Structure formats: structure tokens, C-alpha cells
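Only one structure is covered here, and it is reproduced in the block below.
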Amino acid sequence: MKNSVEKKLSLAFLLCFLFLNLSATHNRAGEITYVQKSDLTYEITLTTFTYTLSFADRPTLDIEWGDNTISTAARKEMTILPNYYRKNIYVIEHTYPGPGSYRIVVQDPNRNAGVKNIPGSVNVVFSISTTLDVNPAMGRNSTPVLLNPPYDKAAYGHIFIHNPAAYDPDGDSLSYAITTCTKEDGLPIENYTLPPATKSITVDPVSGDLIWDTPADTGKFNVAIEISEWRNHRRIGKVVRDMQIEVYNTDNKPPVNEGLRDYCVTVGDSVKFIFAATDVNNDGITLRSNSGVYTLNGCKASFSRTDSVAGRSSALFRWLPCHEAVRNQPYNVIFKSEDNNTEIQLTDIDNMNIKVLGPSPVLLSAIPEGKNIRLAWSSYGTDYIAGFSIYRTEGDVSFVTDSCTSGIPSSSGYAKVGYIGGSNTTSYTDNDNGNGLQYGREYSYRIVAVYPNGTESKASNEVRSSLISGLPVITKVSVSNTDVTNGAIHLAWLNPSDTVPPPYKYRISRATGVTGNQYQVIKEQTDTTFADSLFNTSEYGYIYRIDLLNTTNVQIGEPSYASSVFLTASPGDRKVRFVINRNVPWINSRYDFFRLNTSTNLWDSVGTSNLLNFTDPGLINGQEYCYYVRASGNYPSENMPKNLINYSQQVCVTPVDNEAPCIPALNVTSQCDSLYNTITWSLPDQSCLDDVAGYRLYYKLTTEENLSLLIDISDRNTTTYRHSPGELIAGCYAVSTYDIKGNESLKSVMVCIDTCDFYEIPNVFTPNGDDINDKLVAKTSGLVEKIDFKLFNRNGLLIFSTSDPKINWDGLYRGKIVSPGVYFYSCDVFEQRVSGLEQFHLSGFVHVITEKNSKVSQEVTK
């Protein structure tokens, strides 16, 4: 009877202990997000993932607001998920006392037992936090929403990837980092370590991919990902996701996703493609996709299955973006495949970006009106814009828009000169902020549509215009003779309109340079043409001013300005480069280049440009070539002169080899066991080889050093080099080309080699005194600076340890050779890499054989 009672008491005690243990061990993952309701009020959403087999349950949780107050949040929603997960959602509002930075913390006893990288996890408080910046001047802000739940499984020896699928509804940019899991009061857990990895465990700061390459142990592990929000280059908040990953030892292999690419699309253009995954075990596959594009009002994306057979599954992604989807930041779309293996379900995850741009407005005209220019454009076709920004530059520029650029970058040469609100606006008058534009200058315009979130559309087409200066309308400033002393320029203009009755006359003034301002009067006359002569048209261009005067020499109206076309030529290697200089009130839309043919003494056409630069290639170095350019243009306004033709001076130039050859492309590979690197390079195309005389190879050991010349190779056909830097074969390389004149190209893209994980511990050694393999000696490339090597017997007793990279164990333990058998080792290896000292982990078995003249079987060494 006594034994029966004792058994019942023991059983009751055990059940009580288990209940208490289970009730306190349930938290697996979680995060805190918020939505701003007003300047100081926020709606907080707390999401936790708990273990359903635990008796613990939290219908409410306390939230520490960071302003010395605490509130209790009630659970609003509970969802049962696979793998014994429960998703709990708690929602509560809070009003802060004023602007500031606040850290919201939620803590709950306890974490589940057996988390291998958290010592004593069953007794460690689970806590998560989010940092919130209250700043009314910054505008409204909500945290990113984490769309991908944190309950993936990993396989021992296989790469594991998780992505939180963070979507920021405000369009703020996001960055990601791995951080430390926290305990009570949101403090870091002492002795917390990252999960063990064969190579590394990292978080991609841009995509958010948590990449574990590869799990080196089985069991439960917790990691924390910090997601920061950025607006105007300033961090405005951060969310921390604490999640648990369980690693299994399994023969199942995860599915493999087919490749993805990023997209840039304009509103109205669709994104449509098939996403597929395969499974080598021929398991069925479930496909999922998470992104903010599935939640947008008015134009949600869709993801629907198209085919599913054993070992392969596919689905169609389709999205037609609308104007409401335009924003500066791309949309990140997560694609996840999960196999339906009966033992364990494994996943593969990939992501892609979709940038949505507003279409280019169509700029119709730029008409001068006095000292203003009035722009007109087509209706943009949507009410979902705030207005239009106006951009202007002087002259024409070589800015070319591409399919993935919104707005107009400052590097284009354009500057923003105005903004006009209204989605239906179709015109704008540029008066330079009330100052009026200037005569004699050519203006180029582009516009962009501006969306309510501040995002600009793609740039419009370019339209050029200039003010029509003065009553005499100049139509010609053309060089008729090129000479240092006998140069001549022909001028012509139109009489003023009937609003100015005769008699009147014209005063002609000239200044050196196409933008000069030191005018000298050279003639007064009543005719509308003038031949200016006997001055230097070979080395200078000139600008003319024509004033209309009445009989008492009083100026009537504004003067007219126009310059000659002045051509500057720069010699290059088998080419000549030209820059066209002019300052005229009309628009030159075409420049025709002519070169003197010394055989026929005729001028041959060699090309046409609508820009202010031109290159004539394929010439012979050392031979003189002579050129002039013909400019064709029109006044932009109706009823104004068209088809204006003007000629530049003649310029002669001799091409010379003053340019470096092409920049080569570099590749580096390592031969780890032989301690050398093989460097190879190639030219962009075969035509570059004609100008190459040799190569210069540069090297540095670490990223902190500067590149220095390693070797000069004077044979242009040699495109490989073997470098033996010593024991440390890591390093960075770059290569350049040079020609026979000594012109050296820019260095190639620098390539750093850091791939020699050549560290091998033998799995057999024979300390039997025959001087053959009597010591356990590791093979190493020389990169290893130190190790933490520990050797254990079958009972787990530590019998040897060392930091010597070579190990050099003689088989002794306490002065005696150990018994023959199998021993287990654990070894952390610290390598000197290009980036500094890095660590990786090895573990395995060593067979110790002590018999004399022993034969090591092939089976043992495998």
C-alpha cells in the first residue's frame, strides 16, 4: 500500500512539474508594429508566435511604451498554424506626451526549452522591441508590415533562407541587420551566440534575406532581425523580429526555385511571368508569395497556380500597376516553395523587386512671350497626381532617360525652376521667379508629374526655346572667311514691324567670344546686311549686338544679340572631337560636319549631330584634317524666320595618340594547395588589342592597403599571370593597359580573392613509433592564424586541446599513448582573410591506430 501511495505522489509531482514547465515555455517568435493615427497617437499591433502544445496562454500582454507608462493589450485574434505554432495578435492605442524617440518593449516569461544558442533558454524571458520616433514635422509614419510568418524549418547541411517580406505602406526605404535576441527589459541575452554555421549566417542589408550557410547542428535556434526605416537619409524607426528556426537531420532535400529578375515598369504596363519550383525527391510543392502588391487598393497583383505535378509546381504572377502604386522605393515580392514531404517540410525562398514609375508627360511647346516662355503639355490622364515640376537648363544636354529612372537627376544638368499644382494643369509660364529670362540664351525644358507622396514621374521629352530679342530680328551670323587677320563674318537681319515707323538706323556692336560683353561699336547703317571683315576668325568666335535707333540716336526697344558658330577641335587617337559654341535667339536643330578631301579639294560630309558635340573617327594619326560645320535652325514662334543657315570657321587639327587603350576585365582563381593565384584578363573586344602595348598588374594584401604595381608585362598577347604571394594567398588585384606612347588606361574593377578554405584535419593517424604518420598534423593553406581544437573520447572526456593551426598531436594523454579507437573533435578555425580575421567551425572523427606496421584500410580513411 505504501509503494502504491508513493507512486501516486511521484506521478502527481511529475505532472505538476511538467505543467509548470510547459506553462512557462511557449514563446517562439514575435514583432511589434504600429500605425500612426494622429500627431501623437499610435495604434500598436503586437504579434507573437507561441507553441500550441504548451499549457501557457496569454489573453493579455503588458506593453512598456518607453515614456515610463505601461498598458495591458488584449488579444484580438488567434490563428492556429502548422508545426504547432499559434499566431496571436494584440492591438492597443497609445498617445505620447510629446515628440521624442521611444522604445516599445514587450516581455513575457518564458522562451521554450532547448534553444541551443540561448543558454538556459527555459529560464530566459522572451522580449521584443520597436523604436518609434514621434516627430510631427516628419509627417505621418507607420512601421513596415512583416508579411512572411517566422516558422520555417531548416535541414542540416543545406542552406536555409528566410525573408520577413517587409512591406512599408509609406514607401520609406528599409535596411536589414542581424542583431542579438533580448531578455527582460529588452536587454541583450548574456552569452547569446549566433546559430552555428559551416560558413556563415548573415542578413542581406538590402533584400532582407537571412541566409544560413549552412546549419552545422540540429535543434532549435533563435535569431533576431532588425528592420530599419529611412526617410530623407534619416532613420525614423526600427522593428526587431525574434524568430526560432528548428534544424532537422533529414534525407529530404529542399525544393529549388527557378530564377527571378527585377522589373521596372510604367503605369499601364503589366508584369506577368510563371514562377516555378522543382523537388529532387519528387515531393508535391506548395507555392506562396507575399508582398505589399497584393494589398494595394485599385490594382492588386495576383498569384495563381497553373500546374502541379510530383516534383514540380508553377504559378502565374500577374500585376497591372496603377497610378496609386507609383512610389520611389521598389516593391519587394517574396516567393516561397515548400515541399510536402512526409518526414519534414522544407522550403526555398527568393525575392525580386518591381519599381513602378509614372509615365512621361508629353511636352508640346515652349513659346516665348516677352521676357517669359510659356510651356504647354498634354493632359496627364489621371486625377491621382498633385501637380507638375518644371526643369530647365541652358542649351541642350546629352541627358537620356532610361526605363528605370524617375524624375530628373541633378547630374543631368537640369535644375528645378518651378512647380504648378493640379492634376488637370497643362501649361506653365517661366519668368525665372519674376526676374524675367535673358535674351540671347537658349533654354531647354523638361517636366515631370508629381504624385501625392512626392514621387516624380519619368521625365518628359525635351523642348527648346529662346526669347526673341529686340525689334531687328537677326537671321544670320555666318563666317565667310577664316583667317587670323583677314577673317570675315556675314550678318543679316529683318526690318522691324510696321509698329515702328521709319526713319531709323542700326548700330552694330561686336564682342569677342560667343558670350562676350565688352562690346565695341563697329558700324551704323540703314541696310539690313553687313559684312564684317579684317579680324581674327580663326581663333575666336564673336557675338553681335544690333540696336535700333531713331533719327536722334535714341534707342527703340530692346537690342538683338546673336553669335557666330565657333568650332573647337581636340585631337584624339585616330579621331577628332568637336564642341560647338553658339549663343543665338533661334534654335539650331541640326549640325552638319564637313571635312576637306585633299585629293579632290572638295568638302565631304562626314556626319550630322543635333547635340553640341561630335566625333569623327577612323583617322590617321599624324595627318592634318580640316573641318567646318553648318548649323540649321528656326525661330520657335509662328510667323518668325525659319530655315536659318550659318557656317562656322574652318579649323584644322592633327590626330595624335593621347588616349589610353581599353580597360580590361579581370578574373582571379586560387590554387589553394599550391599557394598561388592565377590572374587572367581580357579586353572588351578584339579591336582594342591594336592599341595595346602591354599590361600593368596591381596587388594589395588586404582591403585597407593601397594597390601597388606587382608586375609590368610588355607582351600584349600575354593575358595571364601566376602570383605566389606566400602563405597568405588572399589579396586584391587590378590590371590596366598601356599603349606604345605610354598612355595608361584606368584600372580594371578590383577583384579580391578570398576563397581558400583549405584546412583539412586527417581522419586517421598512427602514433606507433614507426616515424610514419606519428603525429596528427592538419593541412592548411597558411591563412589560418589560430584554432580552438578539442579532442574527446567516446565518453566525452577532453583528452587534448590546442590553438596551433598544425595541431601536431603526438597521441599522448597524461604521458601515455591513447588507446586505439575513434575520437571526436570540435574545431573553430580563425583565418586571416581580405576583410580581417574570420571564423568557421569543423567537427568530425579521428581513427587512432597504434599497432606496429598497421595497414590503414580504405574504408577507415573514407
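The values are calculated or read from the model by the stated rules, or taken from the named source; none is laboratory data. Please read these numbers as outputs of a predicted model, since none were measured by experiment. Here the Cβ positions follow ideal geometry from the backbone for every residue, glycine too, while neighbour counts run over all protein chains shown. The area values use the complete protein model at the heavy-atom level, side chains included, leaving out ligands, DNA and RNA. Shrake-Rupley method; radii C 1.70, N 1.55, O 1.52, S 1.80 Å.
Among bridges DSSP assigns within the chain, what percent are antiparallel (round to 5)?
95
Show that you can apply the helix-only estimate: for the chain, add -39,500 (n - 2.57) for every DSSP H stretch of four or more residues, divide by all residues, and state [θ] at 222 nm to the nearest 500.
Theoretical 222 nm ellipticity from helices: -1000 deg cm²/dmol.
Calculate one ³J(HN,Hα) per residue across region 691-699 by plugging θ = phi - 60° into the Karplus curve 6.51 cos²θ - 1.76 cosθ + 1.60, and present them in order as whole Hz with x for glycine and proline.
My calculation for region 691-699 gives 9, 9, 9, x, 9, 10, 9, 10, 8 Hz in order.
Through the Karplus equation 6.51 cos²θ - 1.76 cosθ + 1.60, θ set to phi - 60°, convert the phi angles of region 506-518 into ³J(HN,Hα) values in whole Hz; use x for Gly and Pro.
10, 9, 9, 10, 9, 9, 7, x, 6, 10, x, 9, 8
Can you work out ³J(HN,Hα) from phi for every residue in region 234-245, in order, using Karplus 6.51 cos²θ - 1.76 cosθ + 1.60 and θ = phi - 60°, giving whole Hz and x for Gly and Pro?
My calculation for region 234-245 gives 10, 6, 10, x, 8, 10, 10, 9, 9, 9, 10, 10 Hz in order.
Name the residues whose placed amide hydrogens come within less than 5 Å of the amide hydrogen of ARG574, ignoring near sequence neighbours (fewer than 5 apart) on the same chain.
Residues meeting the amide H criterion: ASN621, VAL656.
Excluding PHE765 itself, calculate the net charge of residues whose Cβ lies under 9 Å from the Cβ of PHE765, where each Lys or Arg counts +1 and each Asp or Glu counts -1.
Summing Lys/Arg as +1 and Asp/Glu as -1 gives 0.
Tally Lys and Arg at +1 and Asp and Glu at -1 over the other residues with C-beta under 14 Å from the C-beta of SER308: what net charge comes out?
Net of charged neighbours comes to -2.
Please say if the chain is rounded, prolate or oblate, where rounded means a/c under 1.5 for a ≥ b ≥ c the square roots of the C-alpha gyration tensor eigenvalues, and otherwise the choice is prolate for a/b larger than b/c and oblate otherwise?
Oblate.
Roughly what would the spin-label model give for CYS299 and ILE89, points 7 Å off Cα along C-beta, in nm?
The answer from the label model is 2.7 nm.
In whole percent, how big is the carbon plus sulfur part of the accessible area of the chain, probe 1.4 Å, protein atoms only?
The nonpolar share, carbon plus sulfur, comes to 49 percent.
Are there chymotrypsin sites (Phe, Trp or Tyr not before Pro) in region 107-156 that DSSP marks as loop and that have at most 13 other Cβ atoms within 10 Å, and which are they?
Counting only loop positions with at most 13 other Cβ atoms within 10 Å, none of the chymotrypsin sites (Phe, Trp or Tyr not before Pro) in region 107-156 qualifies.
Leaving out same-chain residues fewer than 8 places away, which lysines sit with a Cα under 21 Å from that of LYS416?
Those lysines meeting the cut-off are LYS371, LYS458.
Can you bin region 486-584 into rounded, prolate or oblate? Criterion: square roots of the alpha carbon gyration tensor eigenvalues sorted a ≥ b ≥ c, rounded for a/c under 1.5, prolate for a/b above b/c, oblate for the rest.
Note, shape of region 486-584 comes out prolate.
Just subtract the alpha-carbon distance of LYS806 and TYR676 from 0.36 nm times their residue separation and send over the number in nm, one decimal.
The LYS806-TYR676 span can extend by a further 44.8 nm.
Placing +1 at every Lys and Arg Cβ and -1 at every Asp and Glu Cβ, with all other atoms neutral, what dipole size does region 588-654 have around its Cα centre, in debye to the nearest 20?
That gives region 588-654 a dipole magnitude of about 120 debye.
When the label point is put 7 Å from the Cα of GLN520 along its Cα-to-beta-carbon vector, which residues of region 535-554 have a backbone N closer than 11 Å?
The answer is 535-536, whose backbone nitrogens lie closer than 11 Å to the label point.
Restricting attention to region 221-270, which trypsin sites (Lys or Arg not before Pro) occupy a DSSP loop and are surrounded by at most 14 other Cβ atoms within 10 Å?
Passing both the DSSP loop test and the Cβ count: ARG261.
Is there a quick way to get the dipole size of region 52-143? I mean about its Cα centre, with the Cβ of Lys and Arg at +1 and of Asp and Glu at -1; what is the value in debye to the nearest 20?
Computed charge dipole of region 52-143: roughly 360 debye.
Helix 2-23 versus the longest principal axis of the chain: what angle, 0 to 90°, nearest 10, using Cα atoms?
10
What accessible area per residue, rounded to a whole number of Å², is obtained for region 99-258 using a probe radius of 1.4 Å?
Counting only protein heavy atoms, the per-residue value for region 99-258 is 38 Å².
Just to confirm a number: summing +1 for Lys and Arg and -1 for Asp and Glu over residues other than LEU491 whose beta-carbon lies under 13 angstrom from that of LEU491, what do you get?
Result for the local shell: +3.
Treating cross-link reach as a plain straight distance, find the lysines whose alpha-carbon is under 29 Å from the alpha-carbon of LYS790, omitting any fewer than eight places away in the same chain.
Excluding near neighbours in sequence, the set is LYS116, LYS199, LYS220, LYS775, LYS779, LYS806, LYS816, LYS852, LYS855, LYS862.
Taking a cut-off of 20 Å between Cα atoms, list the lysines near LYS37, but don't count ones fewer than 8 places away on the same chain.
Partners found: LYS76, LYS238.
Can you tell me the dipole magnitude for region 514-583 around its Cα centre, using point charges on the Cβ only (Lys, Arg +1; Asp, Glu -1), in Debye to the nearest 20?
440
Provide the packing ranking of 138-147, 817-826, 345-354, i.e. peptides ordered by the mean count of other C-beta atoms within 10 Å per residue, highest first.
Result, highest mean first: 345-354, 138-147, 817-826.
If packing is taken as the mean number of other Cβ atoms within 10 Å per residue, what is the order of 805-814, 242-251, highest first?
Per-residue mean Cβ counts within 10 Å order the peptides as 242-251, 805-814.
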